[in-house]
Amino acid sequence: MTEPPAKKKCLGIGCEKDADLQCPTCLKLGINDSYFCSQDCFKKNWGEHKAMHKTAQGKTQNGILHSIITPKVVSKPDPATGLYNPFPAFSFTGPLRPVYPLSERRTVPKSIPYPDYAESGIPKSERFINRNKFDLLDAKGQDAMRKACRLGREVLDIVAAEIRPGVTTDYLDEICHNACIERKSYPSPLNYNFFPKSFCTSVNEVICHGIPDQRALVDGDIINLDVSLYHEGYHADLNETYYVGDKAKADPDSVRVVETARECLDEAAKLIKPGALIREFGNAIEKHAKSRNCSVIRTYCGHGVNTLFHCPPNVPHYAKNKAVGECKPGMTFTIEPMIALGKYRDVTWPDNWTSTTVDGKRTAQFEHTYLVTETGVEVLTARTPTSPGGPVPMPTVENGTNGT
């Protein structure tokens, strides 16, 4: 799972500065992604910015009131199937819809070690850490991370092998959950800040944190599987985006966004070594994304991971970020760029988890957990020769030229 960065980008026109000053009117209206770098920048952009308030209040033709207030209306279950959309009044940005009811929360045997949030839902240990202190693992800790990440890779590969048109994301969640249990591991997302499932399934326009439900995959979908597990006191974290059926592999836009995301992670990983600055990863990622006419999601970032699911450092994926710190031997962290075909801004569904692109266009993500070594980097969650998925060539259009 991803973690939001400590800073947001300023909404000022042409301003690329980090921002932590939030508009008070936006706070009252429930608009969460509204930040400015300074009072001066806020005042300069007031004329344009106040239009957002009217839109949020439903005073414009494109009012987004339902996008910021959880609808209380729940559609009735289909008499034939019992399935329903729990948020029928919500203004979805794309064609995807949630399909409820969610299955019952899956259980984990007490014999398997639990993280501190497993029962309470609150990761208390993450709330009292020094955000400027980066953990450096000793040899024992590094070996524990290697083991956890190897198991995480096994689980992801098992679930990915089940991807095909007709299976539900809830079925994939069951596969993931059982695979974790078989490896005497706790699925890290389960009840983390009250997340209801054992991993995240993000389809098409979903950026991240998609909740597995009763929707069946269809030929032409793309899906990100985000697996995290807790084994003997250490967390592993990795994800990949996969093509569902042959239609997705034949769609130039789907292939462009998936392969660009894959390549962006590779470009960033090339920089990892002792002394490398955390902020440089975003420069490499955004440069490559822009070369493919794609954008980089800014709301979520990579993070440190070890005995804690999320800890320092924060690893933004966009250029010119102000992330602090440098790589040192013994550090373990994720890089997990989310790349979109359209705009980089995001909208969260009323389930308070599912994050989608603001324009409903497709998005893809890839993630590895890395260990900084004395000489470079070790990819703890690396693919194996038998891992499902992998790069797909850009399909050709009818005139024989590459799709764009």
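Just list whichever of LYS197/LYS249; LYS17/LYS320; LYS133/LYS287; LYS249/LYS270; LYS247/LYS361 have alpha carbons separated by over 19 Å in the model shown. Check vs 19 Å cut-off fails for LYS197/LYS249; LYS133/LYS287; LYS249/LYS270.
Comparing Cα centroids, region 289-356 and region 179-250 end up 17 angstrom apart. Residue exposure proxy: VAL159, VAL392, VAL255, ordered by other Cβ atoms within 10 angstrom of their Cβ from fewest to most, comes out as VAL392, VAL255, VAL159. Sorting 265-274, 314-323 by their mean Cβ neighbour count within 10 Å, with the most densely packed peptide first, gives 314-323, 265-274.
The radius of gyration of the Cα set in the chain, together with its Dmax, comes out at 20.8, 62 angstrom.
Of the cross-linked pairs LYS124/LYS328; LYS140/LYS290; LYS147/LYS273, those separated by over 32 Å at the C-alpha level are LYS140/LYS290.
Length available on full extension from ALA250 to ASP266: 0.36 nm per residue minus the Cα-Cα distance, which gives 3.4 nm. Were the residues from ASN132 through THR384 laid out at 0.36 nm apart, the gain over their Cα-Cα distance would be 87.3 nm. A Gaussian network model of the chain, with springs between Cα atoms under 10 Å, assigns the largest mean-square fluctuation among PHE309, PHE194, PHE128 to PHE128.
Report relative contact order for the chain in percent, whole number only (criteria: Cα-Cα under 8 Å, sequence separation at least 6). Don't jump to the answer; show the numbers that get you there.
Values: 948 pairs, mean separation 69.7, N = 404.
So the answer I get is 17 percent.
Dipole orientation for region 124-379: of the candidates ILE211, THR375, LEU225, THR375 has the Cα lying most toward the positive pole (charges on Cβ; Lys, Arg +1; Asp, Glu -1).
Note on the chain: helix-only mean residue ellipticity at 222 nm, from DSSP H runs of 4+ residues weighted -39500 (n - 2.57) and normalised by residue number, equals -7500 deg cm²/dmol.
Return an integer: the convex hull volume of the alpha-carbon atoms of region 239-303, in Å³ per residue. All intermediate terms of the calculation are to be shown ahead of the outcome.
Values: hull volume 6.4 nm³, N = 65.
Enclosed volume per residue, from the Cα hull, is 99 Å³.
For the chain, the list of Cys residues with no other Cys C-beta under 4.7 Å reads CYS41, CYS149, CYS176, CYS180, CYS200, CYS208, CYS264, CYS294, CYS301, CYS311, CYS327.
Any idea what log10 I(q)/I(0) is at q = 0.10, 0.11, 0.15, 0.18 Å⁻¹ for region 178-294, Debye with uniform C-alpha scatterers and no solvent? Log10 of I(q)/I(0), two decimals: -0.40, -0.48, -0.86, -1.08.
Every number in this text was worked out from the coordinates using simple rules, so none of it is lab data. Every value quoted in this text rests on a predicted model; they were computed, and no experiment measured them. Counting neighbours? That spans all protein chains shown, and the Cβs are built from the backbone with ideal geometry, glycine included.
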